[in-house]
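Here's the structure, in structure tokens; my notes come after.
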Amino acid sequence: MSYTLGIDIGTFESKGVIVDEAGEIVASAASPHKMIVPRPGWAEHRADEDWWHDFKTISRKLLDTSGIDPSDIRCVATSAIGPCMLPVDEAGIPLMNGVLYGVDTRAEQEIVELTDNLGADKILERCGNALTSQSVGPKILWLKRNRPEIYEKAAKFLTSTSYVVFRLTGEYVIDHYTAANFSPLYDVRMQDWAADLSDGIADPSRLPRLMWSTEIAGRISAQAAAETGLAEGTPVTAGTIDAAAEAVSVGVHEPGDMMMMYGSTVFIILVTGERVQDSRLWYAPWLYPGTHASMAGLATSGTLTHWFRDEFAAELSKDAAFAALAEEARGSPKGAKGLIMLPYFSGERTPIHDPLAKGAFFGLNLTHGRGDLYRALLEGIAYGTGHVIETYREAGQAPARILAVGGGTKNDVWLQATSDIGGLDQIVCEKTVGAAYGDAFLAAVAIGAAAPEDILLWNPPDSTIKAEEHAVYKSQYKLFRELYESTKHIAAALGESAD
């Protein structure tokens with residue numbers, strides 16, 4: 001028997017699995033860490049203490065739990081949160097904490113200036129994406145302006161997956177799907193670094209080598225073998241962003257398939273037959289040559305449920321808190337007794353791309369209790385998700401099949417509200433492990449042990465959440481949209497006063 005191993009580095013927790021040739025999970029393990037928020041609008045991880053530490057810890061846990069001989073693991077694949085910005089020196093040593101994906105909004109000024117200088121239309125045509133807080137290019141420019149001593153020392157600018165693969169193999173690589181988030185440094189037409197657009201930001205020589213996700217980046221070095229317990233010489237794929245691996249894990253495969261990921265953020269990936277060019281959404285080549293993907297994501301989702309638990313349910317044990325809060329939310333009627341929540345606690349990504357947006361509970365009265373607040377929070381995230389689904393439909397890309405995955409799939413109130421507000425059915429597959437399982441599958445594809453369509457055999461559908469119509473959601477969705485539009489000038493002013 002031979003196996004593949006997948007490890008995913010998440011926002012708050014990393015997970016890993018060992019999978020056999022039939023897709024059965026032989027062992028699983030997890031390791032928690034924290035997101036660092038040095039100041040409002042910033043979000044960071046420590047590359048060694050969070051990303052690499054988690055990989056080493058999980059790898060050894062998996063081997064110890066399974067009892068598998070490391071030499072029987074034929075391939076390793078990893079994924080991680082992204083896109084991130086991590087400068088490293090000539091030896092590959094991190095020069096600062098990794099700057100996280102769109103939840104980190106520090107480069108707002110650079111986004112505006114680059115858009116003005118290069119032109120919004122040119123950026124969208126060449127890079128496939130408008131510049132937003134999700135883009136890595138502006139964050140590198142922010143580093144150049146605000147931390148010039150670090151910028152000058154940086155030999156390479158990596159993302160999270162690139163760093164883990166480097167620690168495993170000594171190779172600096174990045175997959176095309178992730179690279180497309182480095183706007184304006186990546187040209188989606190040429191599928192190469194855009195030297196003419198990167199002038200003044202970062203020369204392409206300071207960026208990782210481009211590969212497809214299932215290409216072999218290198219083999220585990222002697223040092224990495226000693227640290228992880230894996231066998232020296234084991235092939236390692238180029239890897240990808242966690243959301244892409246998560247989409248693969250539940251069967252997203254052909255045009256029209258959409259993943260709805262319920263994690264620290266809601267992240268959506270739609271595989272398409274052609275490139276979708278819409279400034280409200282993100283575009284990237286999909287994981288295999290000749291394929292395309294259109295993405296969207298909220299800035300805060302599961303993060304909000306953690307915040308609510310910690311701030312308003314501290315008396316509950318962390319293991320039981322979410323179940324108890326969900327039960328309280330079930331006791332509140334749909335619409336939370338006229339309470340609406342804007343989920344923009346870290347600004348917002350798609351479709352409004354507003355880093356100054358603020359969170360709010362609106363409509364509070366003395367009859368509202370904790371269960372109403374928690375239902376309003378879940379429904380607020382669902383309204384934000386519904387806004388994204390509406391955007392896809394307006395772009396002519398209505399999904400044919402939606403597959404739900406992530407820790408939030410355990411929350412039936414959240415799932416049902418999303419289906420009802422978005423007017424879509426959602427399929428939940430047998431295995432909801434997430435990105436680590438997708439990594440293990442991509443590792444199997446990389447060595448020819450599986451074909452991309454075999455994921456449907458590895459992880460078949462288990463249940464479906466049917467969309468139901470509710471008048472209160474229709475009316476409150478309109479109010480949700482109006483509430484943001486009516487208050488965004490106040491949110492922006494609050495942001496300015498906070499500075």
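The values are calculated or read from the model by the stated rules, or taken from the named source; none is laboratory data. No experiment lies behind these values; they were computed from the predicted model shown. Cβ sites come from the backbone with ideal geometry, for glycine too, and all protein chains shown count toward neighbours.
Observations
- Note on the range 208-229: residues that are in a loop (DSSP other than H, G, I, E, B) and either under 20 Å from Asn117 (Cβ atoms) or over 25 Å from the mean Cα position of the chain (by Cα) (or both) total 3.
- In the condition set (1) crowded, with 18+ Cβ neighbours inside 10 Å; (2) out of contact with any Lys or Arg (no Cβ under 7 Å at 6 or more places or on another chain), Ala336 is compliant with all but (2).
- Strands (runs of 3 or more DSSP E) completely within the range 1-89 that count 3 or more residues being of a type outside the set (Ser, Thr, Tyr), in contact with a Pro (Cβ under 8 Å, 6 or more places away or on another chain) and farther than 22 Å from Ala226 by Cα: 86-88
- Of the listed requirements (1) closer than 17 Å to Ile9 by Cβ; (2) out of contact with any Phe, Trp or Tyr (no Cβ under 8 Å at 6 or more places or on another chain); (3) β-branched (Val, Ile, Thr); (4) at pLDDT 95 or above, Val88 misses just one: (2).
- Ala398 vs. criteria under 22 Å from Ala296 (Cα atoms) and crowded, with 23+ Cβ neighbours inside 10 Å: no
- Of all residues in the range 73-85, one or more are modelled with pLDDT under 95 and under 21 Å from Gly170 (Cβ atoms).
- Positions within the range 417-429 being surrounded by fewer than 20 Cβ atoms within 10 Å (Cβ to Cβ) and either out of contact with any strand residue (DSSP E or B) (no Cβ under 6 Å at 6 or more places or on another chain) or not hydrophobic (A, V, I, L, M, F, W, C) (or both), in sequence order: Gly423, Asp425
- Residue in the range 180-207 that is farthest from Gly239 (Cα to Cα), counting only those that are outside any loop (DSSP other than H, G, I, E, B) and touching a Cys at 6+ places or on another chain (Cβ under 9 Å): Asp187
- Test: residue in the range 303-313 that is in a loop (DSSP other than H, G, I, E, B), modelled with pLDDT under 95 and aliphatic (A, V, I, L, M): no
- Those residues of the range 140-169 which are part of a helix (DSSP H, G or I), under 22 Å from the mean Cα position of the chain (by Cα) and closer than 10 Å to Pro87 by Cβ, in sequence order: Ile140
- Val276 passes every criterion in (1) farther than 22 Å from Ala130 by Cβ; (2) of a type outside the set (Lys, Arg); (3) surrounded by fewer than 24 Cβ atoms within 10 Å (Cβ to Cβ) apart from (1).
- Candidates Arg206, Arg189: the one that is among the basic types (Lys, Arg) and within 21 Å of Ala154 (Cβ to Cβ) is Arg206.
- In summary, Tyr383 fulfils each of the numbered conditions (1) crowded, with 23+ Cβ neighbours inside 10 Å; (2) modelled with pLDDT under 95 with the single exception of condition (2).
- For the range 26-60, the set of residues classified as touching a strand residue (DSSP E or B) at 6+ places or on another chain (Cβ under 6 Å), among the aliphatic types (A, V, I, L, M) and under 18 Å from Ile9 (Cα atoms) consists of Ala27, Ala29, Ala30, Ile36, Ala47, Ile58, listed by residue number.
- Taking residues in the range 102-118 that are within 13 Å of Ser198 (Cα to Cα) and at pLDDT 95 or above, and partners anywhere that are basic (Lys, Arg) and not in a helix (DSSP H, G or I), not one pair has Cβ atoms closer than 7 Å while being at least 6 places apart or on different chains.
- In the range 463-470, the count of residues that are surrounded by 14 or more Cβ atoms within 10 Å (Cβ to Cβ) and under 21 Å from Phe267 (Cα atoms) is one or more.
- Wholly enclosed helices (runs of 4 or more DSSP H) of the range 380-463 bearing at least 1 residues of a type outside the set (A, V, I, L, M, F, W, C): 412-422, 435-446
- Test: residue in the range 346-358 that is in a loop (DSSP other than H, G, I, E, B), of a type outside the set (Gly, Ala, Ser), more than 30 Å from Asn129 (Cβ to Cβ) and in the same structural domain as Glu482 (by TED's automatic domain parsing): no
- Of the residues making up the range 231-260, those that are under 20 Å from Gly448 (Cβ atoms), part of a helix (DSSP H, G or I) and touching an Asp or Glu at 6+ places or on another chain (Cβ under 7 Å) number 1.
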